[in-house]
Amino acid sequence: MSARTRWLAFAAFFVAALVLSMPMRVALDWFGLDRTGLSARDATGTVWSGRIEEAALGPVPIGDVKAGLAVMPLFVGHARVAMSRTDPDPVTATVDVSYRGFAIRRATGRFAAGRLLAPAPVASIDLTEVSAAFVNGRCVAASGQAGATLAGPLAAALPALSGQVSCENEWVLIPLAGGGGRIDLRIAVDGRYRIDMQVAAVNEAVAAALQAGGFRPAPGGYAIHRAGAF
């Protein structure tokens with residue numbers, strides 16, 4: 001082995017050791033994970049084996065998760081962090097950040113809707129192998145299955161809404177439909193979102209609950225539209 005090769009090997013080993021010993025709290029800022037909308041109350045451990053407490057992606061609470069950085073993607077300019085939790089419901093997801101954009105890969109689990117769909121009566125969102133990639137501010141690839149669990153009177157009237165995740169220009173589109181109801185959720189890389197929800201008027205009790213929640217009469221039932229930013 002030449003002196004130059006030994007030096008390069010030592011430098012690579014030193015950089016890898018430095019990165020792997022980096023505190024998780026520092027890594028979240030250094031790798032720009034906050035640009036993905038990922039936030040946390042606290043982070044402990046190292047990037048190799050850490051824990052993120054009260055993690056959230058935008059307004060969607062994820063909870064306490066284990067987190068670890070993949071080493072090899074660093075050599076091609078990507079910071080890839082795998083996250084998982086087992087309580088109260090199993091959740092797994094990977095966040096990938098590069099200088100051109102970021103991606104969420106193979107997100108699976110049940111997530112509390114939090115403020116995301118308010119005032120639409122959605123209790124939780126179920127994701128199965130959902131991935132979405134953004135490059136230069138546009139959605140370039142999206143896939144996977146999404147579902148929603150409703151709350152209140154709509155839970156009995158619309159027991160299941162689901163759909164395939166896809167891209168629509170700069171938006172990732174999550175269409176949820178079934179049983180006379182439909183929610184179209186669009187999210188952009190900069191945190192903007194649009195929610196369009198329409199529900200058929202199935203009975204007077206549901207109609208009253210919808211109107212109390214801000215829904216307005218529309219062709220075929222009741223509708224609500226919201227737009228904002230995380």
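None of the figures in this text is laboratory data; all of them are computed from the coordinates on show. Just so we're clear, the structure is a prediction, and the values are computed from it rather than from any experiment. So basically every Cβ, Gly included, is an ideal-geometry build from the backbone, and we count neighbours across all protein chains shown.
Among residues other than K66 with Cβ under 10 Å from its Cβ, the summed charge is +1 (Lys and Arg +1, Asp and Glu -1). Here E204, E168 are placed in order of increasing Cβ neighbour count within 10 Å, fewest first, which gives E204, E168. Under the criterion of Cα pairs below 8 Å and six or more residues apart, the relative contact order for the stretch 123-230 equals 19 percent.
If R0 is 35 Å, the Cβ-Cβ spacing of K66 and A218 corresponds to a FRET efficiency of close to 0.20. Our estimate of slack between E168 and A118, defined as 0.36 nm per intervening residue step minus the Cα-Cα distance, is 15.7 nm.
Under the simplified labelling scheme, the D196-V76 pair shows an inter-label distance of 3.7 nm, with each label point 7 Å from Cα along Cα→Cβ.
Exposure proxy for R216, R105: other Cβ atoms within 10 Å of each Cβ, ordered fewest to most, give R216, R105.
Computed over the stretch 113-230, the quotient of the alpha carbon radius of gyration and 2.2 N^0.38 Å is 1.06.
For the modelled label position 7 Å from the Cα of V135 along Cα-to-Cβ, which residues of the stretch 73-88 have backbone nitrogen atoms closer than 14 Å? Zone members listed by number: none at all. Each of A160, S124, A205 was placed along the dipole of the stretch 99-230 (beta-carbon charges, centred on the mean Cα), and the one lying farthest toward the positive end is S124.
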